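The values are calculated or read from the model by the stated rules, or taken from the named source; none is laboratory data. Nothing here was measured: the structure is a model prediction, and the numbers come from that model. Don't worry about glycine lacking a Cβ; one is built from the backbone with ideal geometry, like all the others, and counts go over all protein chains shown.
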Amino acid sequence: MQRVNGPNIAEHAMALILTLTRQINAYLANQSDGTWARGPQQKLMDLEGHTMLVVGLGGIGTAIAERAHAFGMHVIATRNSGHKGSSFVDYVGVADELPKLIGQADIVVNVTPLTSETTGLFNAAMFERMKPSAYFINVGRGKSVVTDDLLAALKTGRIAGAGLDVVDPEPLPKDHPLWHASNVVISPHVAGDSELKLDRAWLVMRENLRRYVAGDRLFSVVDVKRGY
Ligand SMILES: NC(=O)c1ccc[n+]([C@@H]2O[C@H](COP(=O)([O-])OP(=O)(O)OC[C@H]3O[C@@H](n4cnc5c(N)ncnc54)[C@H](OP(=O)(O)O)[C@@H]3O)[C@@H](O)[C@H]2O)c1
């Protein structure tokens, strides 16, 4: 079901990003007890002119990049197999360029599959390379992040905040400190929910069945050795 989740997860990623950059999380908390507080507005960040790094420029990553570009962002990315990407991505690096590229980004979005290479990819050393003003967004898999290292980066102000649809562990226990870390927005692994996803999935399924019967090449074949 490669790419099938592109539109909905891209919208969810943008929702997490805008919640943080426009401080909607703080205003929602104020709204719950009727507090009119404008807050530290010098911290509000425009997306326009800032840089997004998409880690995992596949089906979903490309949909996120397209939306970020529409917001006026510079988009850079990494993928596993080479340097090819869409015209709205300024630079596509390979996986091991991540440590170099991550320091250029104001928004870092992880949307890689979970493989031996991406397990624990975002650890203390990686957060150390991010701009202190940058936000980390995870819509890929929770285990790509070392949760204790993310918590430490948030606690020390090493990064500005995080928007997480996926976490490790899932479900996140009620008393887990990540719920209360500063500037964190968490959704319970729902970015994949969508009213149109099933239609898209059936389209791929029907076409793959037709191709299978005809002996043609199939879409979205998992490479077991590669892990996705
Ligand atoms: N939050 C949710 O509810 C939800 C729902 C569905 C999926 N997901 C996650 O989203 C992932 C991506 O889905 P997709 O449909 O976009 O799959 P996809 O089209 O296969 O894209 C995966 C991309 O990740 C790249 N990649 C693999 N290993 C990498 C590495 N070490 N460093 C950088 N890039 C790497 C691949 O590179 P190449 O193209 O060069 O091979 C590919 O571009 C899924 O595997 C899943 O973990 C989350």
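Some points to look at:
- Test: residue in region 38-54 that is within 18 Å of the chain's Cα centre (by Cα), touching a residue at least 60 places away in the same chain (Cβ under 8 Å) and under 23 Å from R200 (Cα atoms): no
- Selection status of T51, at pLDDT 95 or above, within 16 Å of the ligand (Cβ to nearest atom) and farther than 24 Å from I186 by Cβ: no
- S81 vs. criteria more than 14 Å from the ligand (Cβ to nearest atom), surrounded by fewer than 17 Cβ atoms within 10 Å (Cβ to Cβ) and closer than 23 Å to S220 by Cα: no
- Residue that is farthest from D165 (Cα to Cα) [pool: residues in region 181-218 that are within 14 Å of the ligand (Cβ to nearest atom) and in a helix (DSSP H, G or I)]: V204
- Any hit, region 108-115, residues being hydrophobic (A, V, I, L, M, F, W, C), buried (at least 17 other Cβ atoms within 10 Å of the Cβ), closer than 24 Å to R67 by Cβ and touching a strand residue (DSSP E or B) at 6+ places or on another chain (Cβ under 6 Å): yes
- Some residue of region 97-115 being outside any helix (DSSP H, G or I), at pLDDT below 95 and of a type in the set (D, E, K, R): no
- Looking across region 71-96, just one residue is in a helix (DSSP H, G or I) and in contact (Cβ under 8 Å) with a residue 12 or more places away in the chain, and that is A95.
- Under the condition of being away from the ligand (no atom under 16 Å from the Cβ), part of a loop (DSSP other than H, G, I, E, B) and aliphatic (A, V, I, L, M), the residues counted in region 131-172 number 3.
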